[in-house]
1. Give the residues of the range 263-286 that are modelled with pLDDT of 80 or more and over 18 Å from the mean Cα position of the chain (by Cα), sorted by residue number.
2. For the range 67-88, enumerate the residues that are in contact with a helix residue (DSSP H, G or I) (Cβ under 6 Å, 6 or more places away or on another chain) and either assigned to a strand (DSSP E or B) or farther than 16 Å from Asp329 by Cα (or both).
3. Taking the range 352-370, which residues are of a type in the set (A, V, I, L, M, F, W, C) and part of a loop (DSSP other than H, G, I, E, B)?
4. What pairs come out if I take residues in the range 371-394 that are without any contact (Cβ under 8 Å) to a residue 40 or more places away in the chain and outside any helix (DSSP H, G or I) and pair them with residues that are surrounded by fewer than 21 Cβ atoms within 10 Å (Cβ to Cβ) and of a type in the set (Asp, Glu) whose C-beta lies under 8 Å away, six or more apart or interchain?
5. Going through Lys104, Lys123, Lys114 one at a time, which residue ends up being touching a Phe, Trp or Tyr at 6+ places or on another chain (Cβ under 8 Å), charged (D, E, K, R), assigned to a loop (DSSP other than H, G, I, E, B) and over 22 Å from Gly293 (Cα atoms)?
6. Any residue in the range 54-79 that is touching a residue at least 60 places away in the same chain (Cβ under 8 Å) sitting within a Cβ distance under 6 Å of a residue that is assigned to a loop (DSSP other than H, G, I, E, B) and surrounded by fewer than 17 Cβ atoms within 10 Å (Cβ to Cβ)? List the pairs, counting only those 6 or more apart or interchain.
7. Of the conditions (1) of a type outside the set (A, V, I, L, M, F, W, C); (2) modelled with pLDDT under 95; (3) on the phi < 0 side of the Ramachandran plot, Asp370 clears all except one; give me its number.
8. Please enumerate the residues belonging to the range 139-151 that are among the small types (Gly, Ala, Ser), outside any loop (DSSP other than H, G, I, E, B) and surrounded by fewer than 24 Cβ atoms within 10 Å (Cβ to Cβ).
Amino acid sequence: MDSEFPDKECGDGRRAFQPSRRTLLRAALAGGVVTTLGGNRLHASAASALGGGRSPSASNVIILGLGGGVRFSETFGDPKHRLIPETWGRIRPRGTYFSNIWGKGALDHSVGNKNLLSGRWSKSQADVAYRASLFEHYRKATGADARSTWCAVWGSDVGNHFLGFSLQPGYGPDYGALMSHPRSLMEWWKKAKKEGMKVEEPDIPFVGYTRRVFPYAPADEEIREDLYDLISDTPEFQDTGLDLGQDATLWEQDMNRLLIRRVLTRYQPRVVFLGFCSMDVAHESGFDEYCDGIAAADRAIAEVFDVVESEPFYKGKTMVVITPEIGRDQGDDPAQPVSYQQHTGDTEETNHRHGMVVYGPGIKAGHQVDRRVEQIDILPTIARVLDFPIQGVDGKVLEDALV
């Protein structure tokens, strides 16, 4: 394939890309790599870094994303919190609740997720590819191997393929996370069953280029074989088609729940992102189904919480972050021009305002912060709590949550 991103072999056997000089220059110019230190917000410079030099409060971090688009009014903004009883009743009292965290940029799932994973704003999917992720910062700063990180994504949004790594100069796939994606993993399982474990990877188009960015299955042979056996032993996933329409979202969430439990208990990654997506049914469903999706995500979050509280590797050593990526339009009647079924940006409040719960070592318990904070503040705060240095971010440490 004639590509601007020719393949090269990564240290852990993955197929990665070596961008051309022209592409690296374009990334540097478009991505704002050369910036200055100014005001109260830290910007990238060759000498500046956040984190490092302290004793870590936590050894691990797990980010649980309420994906698919969910409004504040049905989640944290509901006075009775009817759809998130686990998150609000069991988990929130253990940590700090932020009632006023804001996103910005395109109302796209990958954009919202990359904002909180990169500490920098992304305006579009094109930006997402050039924003170094939490995993890259962590692995580059600590020297940790790929197994120390895991990124579980969902959906057909190609930008999600860049949540676990980026094409930002100085970072890239060599520092990326092991990734899982239910639809891709199921495609791989079906092909591997027929052709053997060595399945040729697909080419995926993105913002005008074609490059091999996302493997069918995690780039670790032992883990691939283990997940192959896991799917083989779980008939309800084998018989599920990939073209499911509305039901595909629920299937993906259930499969991510299955995968992440296996990963956490068997491989014990230290830095984890898991996107729950059952709220995405809202695009093609009634309001009750949208609410049911929120409740299903809350139950899934509780399952992960139980693993964290029961596994010695995680118990008492893990920072947990629970927050949405993007919101939805106002209105509960899908017959109207705008409603909960879309996220077009009709109001800033319903599309960009969220709540967030953070708990774990180094985090204040039973605390609430009502001032306005931003999604890009999450990464610097994680770096402070886990004590690793980061560079080139725009967010600020959320000091008022820290002990």
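The values are calculated or read from the model by the stated rules, or taken from the named source; none is laboratory data. Just so it is clear, the model here is predicted, and its values are computed rather than measured. Backbone-built Cβ (ideal geometry, glycine too); neighbour counts: all protein chains shown.
1. Looking only at the range 263-286, we keep the residues that are modelled with pLDDT of 80 or more, and these are 263-276.
Passing the criteria: Thr265, Arg266, Tyr267.
2. His81, Leu83, Ile84, Glu86, Thr87
3. Let us first name the residues in the range 352-370 that are of a type in the set (A, V, I, L, M, F, W, C), namely 356-358, 363, 365, 369.
Once the filter is applied, which keeps residues that are of a type in the set (A, V, I, L, M, F, W, C) and part of a loop (DSSP other than H, G, I, E, B), the range 352-370 yields only Ala365.
4. none
5. Working: Lys123 fails: touching a Phe, Trp or Tyr at 6+ places or on another chain (Cβ under 8 Å); Lys114 fails: assigned to a loop (DSSP other than H, G, I, E, B).
Among Lys104, Lys123, Lys114, only Lys104 is touching a Phe, Trp or Tyr at 6+ places or on another chain (Cβ under 8 Å), charged (D, E, K, R), assigned to a loop (DSSP other than H, G, I, E, B) and over 22 Å from Gly293 (Cα atoms).
6. Close Cβ pairs satisfying both conditions: Ser57/Pro361; Ala58/Pro361.
7. Among (1) of a type outside the set (A, V, I, L, M, F, W, C); (2) modelled with pLDDT under 95; (3) on the phi < 0 side of the Ramachandran plot, Asp370 violates only (2).
8. Residues satisfying the conditions are Ala141, Ser148.
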